[in-house]
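Below is one structure, written out as structure tokens; the observations come after it.
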Amino acid sequence: MPVKILTDSGSDLPLQFYQENDITLFPLKVLLKGQEYEDLLTIKPKTIFDEIRNGEVPKTAQVSPLDFEKTFTEMAKNNEDGVYIAFSSKLSGTYQTAVMIRDQVKEAYPDFNLAIVDTKCASLGQGLVVMDALQHARKGASLDEVVKRAKSTASHIEHLFTVEDLDYLAKGGRLSKASAFLGGLLNIKPLLNVDDGKLVPIEKIRGKKKVLRRMVDLMKERGGDFENQTVGISHGDDIKTASEMKKLIEDELHAKEVLITEIGAVIGSHTGPGTIAIFFLNKIQ
């Protein structure tokens with residue numbers, strides 16, 4: 001029986017992917033107009049982006065401890081081994097909560113064997129780690145082998161992204177206000193990456209086309225062996241730009257596969273509409 005894969009909705013893969021591949025999904029929460037929703041299950045990303053455009057500021061919350069307790073206890077009773085591939089601990093308390101609940105369940109079921117990997121990744125960066133772990137589990141890799149592979153892959157995932165407005169990140173507490181340099185009036189686009197699990201602005205570039213061009217140039221600098229890897233693109237209700245980005249990457253880097261997904265409701269609550277993000281493996285030394 002293959003190692004069971006678990007993840008949370010911070011991984012921004014389509015719901016169908018989790019269902020078809022028997023991946024246990026823990027939804028993060030979105031709080032909007034006094035209502036709580038489960039990311040991917042009871043709210044669509046488009047709803048969030050439209051509400052943000054209308055001036056709403058959604059709040060988000062980590063996975064419910066009860067969700068973890070229920071699933072982990074069931075796995076322990078069934079003697080199932082698994083690996084939970086978690087959203088960056090620098091962006092959510094979900095990883096820490098999962099570890100706490102896992103340890104509580106182990107008190108009642110000492111043989112329960114669940115590894116929890118803090119990917120330090122977000123969105124499709126985390127999603128690529130999930131996809132790779134799934135492939136290895138299906139090939140018959142042991143739990144230790146799947147965990148080792150997931151940790152290695154996660155440590156080499158690069159995140160490059162641009163947002164329409166850094167204020168979204170600042171309001172949501174995912175970026176310090178000092179880092180949220182304003183440039184909307186000058187058509188200045190911020191370019192950010194993820195460093196040790198945290199969001200970090202790296203450059204300011206004037207014009208959307210130039211920022212996309214710069215993202216591809218940085219991919220060339222940082223990445224390697226594109227012909228043998230899947231590159232991920234996620235977008236905040238902007239499939240047109242994501243498709244342009246895909247063509248650039250295919251034409252210039254000849255990636256084996258370029259996967260486009262929509263940014264989920266939770267991450268989209270912080271990044272806002274118009275976000276374009278790219279995820280790829282860097283040069284592995």
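Here the label points at residue 196 and residue 217, each 7 Å from Cα along the C-beta direction, are separated by 2.8 nm in the simple model. Computed on the stretch 1-114, with alpha-carbon pairs under 8 angstrom and 6+ residues apart, the relative contact order is 29 percent. Restricting to bridges with both residues inside the chain, how much of the DSSP beta-bridge set is antiparallel, in percent to the nearest 5? Here the antiparallel bridges make up roughly 60 percent for the chain.
Under 16 Å from a point placed 7 Å out from the Cα of residue 143 along the Cα-to-Cβ direction: which residues of the stretch 97-113 have their backbone N that close? Label zone hits: 99-113. Per residue, the convex hull spanned by the Cα atoms of the stretch 224-285 amounts to 76 cubic angstrom. For the chain, modelled as a Gaussian network with Cα springs under 10 Å, which listed residue fluctuates most, 83, 105, 129? For the chain, modelled as a Gaussian network with Cα springs under 10 Å, the answer is 105.
The calculated 222 nm mean residue ellipticity attributable to helices in the chain amounts to -12000 deg cm²/dmol, summing -39500 (n - 2.57) over DSSP H runs of n ≥ 4 and dividing by all residues. Considering only 224, 274, 207, the Gaussian network model of the chain with Cα springs below 10 Å gives its largest mean-square fluctuation to 207.
Structure shown: which of 189/209; 46/204; 120/208; 208/240; 210/246 lie over 21 Å apart, alpha-carbon to alpha-carbon? Going by Cα-Cα distance, 46/204; 120/208 fall outside the 21 Å limit.
Applying 1/(1 + (r/R0)^6) with R0 = 35 Å to the Cβ-Cβ distance of residue 203 and residue 69 gives a FRET efficiency near 0.20. In the full protein context, the stretch 24-101 carries 48 Å² of accessible surface per residue, based on a 1.4 Å probe and ignoring ligands, DNA and RNA.
Spatial offset of the stretch 123-147 relative to the stretch 1-77 amounts to 19 Å, using the alpha carbon center of each. If every alpha-carbon in the stretch 1-140 counts as one equal scatterer, what log10 I(q)/I(0) does Debye give at q = 0.12, 0.16, 0.22 1/Å? The Cα Debye sum returns log10 ratios of -0.49, -0.84, -1.42.
Using only the Cα atoms of the stretch 193-263, what semi-axes does the equivalent ellipsoid have when each is the square root of 5 times a gyration tensor eigenvalue? Give whole Å, largest first.
On the way: eigenvalues 67, 50, 38 Å².
Those come to 18, 16, 14 Å.
Taking only protein heavy atoms and a 1.4 Å probe, the accessible area of the chain is 49% carbon and sulfur. Here residue 108 and residue 1 are evaluated by their C-beta separation; at R0 = 25 Å the FRET efficiency comes out at 0.65.
Along its principal axes, the chain has C-alpha extents of 59, 47, 31 angstrom, given from the largest down.
What does the extension gain come out to for residue 20 and residue 96, with contour length at 0.36 nm per residue minus their alpha carbon separation? Before the final figure, lay out the partial values.
Details: separation 76, 0.36 × 76 = 27.36 nm, distance 2.79 nm.
Answer, rounded to one decimal: 24.6 nm.
Maximal additional length on extending the residue 33-residue 156 stretch stands at 40.4 nm, based on 0.36 nm per residue less the C-alpha distance.
Taking 264, 93, 82 in turn, the Gaussian network model of the chain (Cα-Cα springs below 10 Å) assigns the largest fluctuation to 93.
Within the stretch 14-72, the GluC sites (Glu not before Pro) that combine a DSSP coil assignment with at most 15 other C-beta atoms in a 10 angstrom radius are 56. So for the chain, taking the charge dipole from beta-carbon charges (+1 Lys/Arg, -1 Asp/Glu), which of 279, 264, 228 sits furthest toward the positive end? Sorting the options by dipole projection puts first 279. Each Lys and Arg contributes +1 and each Asp and Glu -1, all at the Cβ; summed about the Cα centre of the chain, the dipole is approximately 920 debye.
The values are calculated or read from the model by the stated rules, or taken from the named source; none is laboratory data. In this text, all values refer to a predicted model and were calculated from it rather than measured experimentally. Quick reminder, even Gly has a Cβ in these numbers, built from the backbone with ideal geometry, and neighbours come from all protein chains shown. When the accessible area is computed, the model is the full protein with side chains, heavy atoms only, and any ligands, DNA or RNA have been set aside. Shrake-Rupley method; radii C 1.70, N 1.55, O 1.52, S 1.80 Å.
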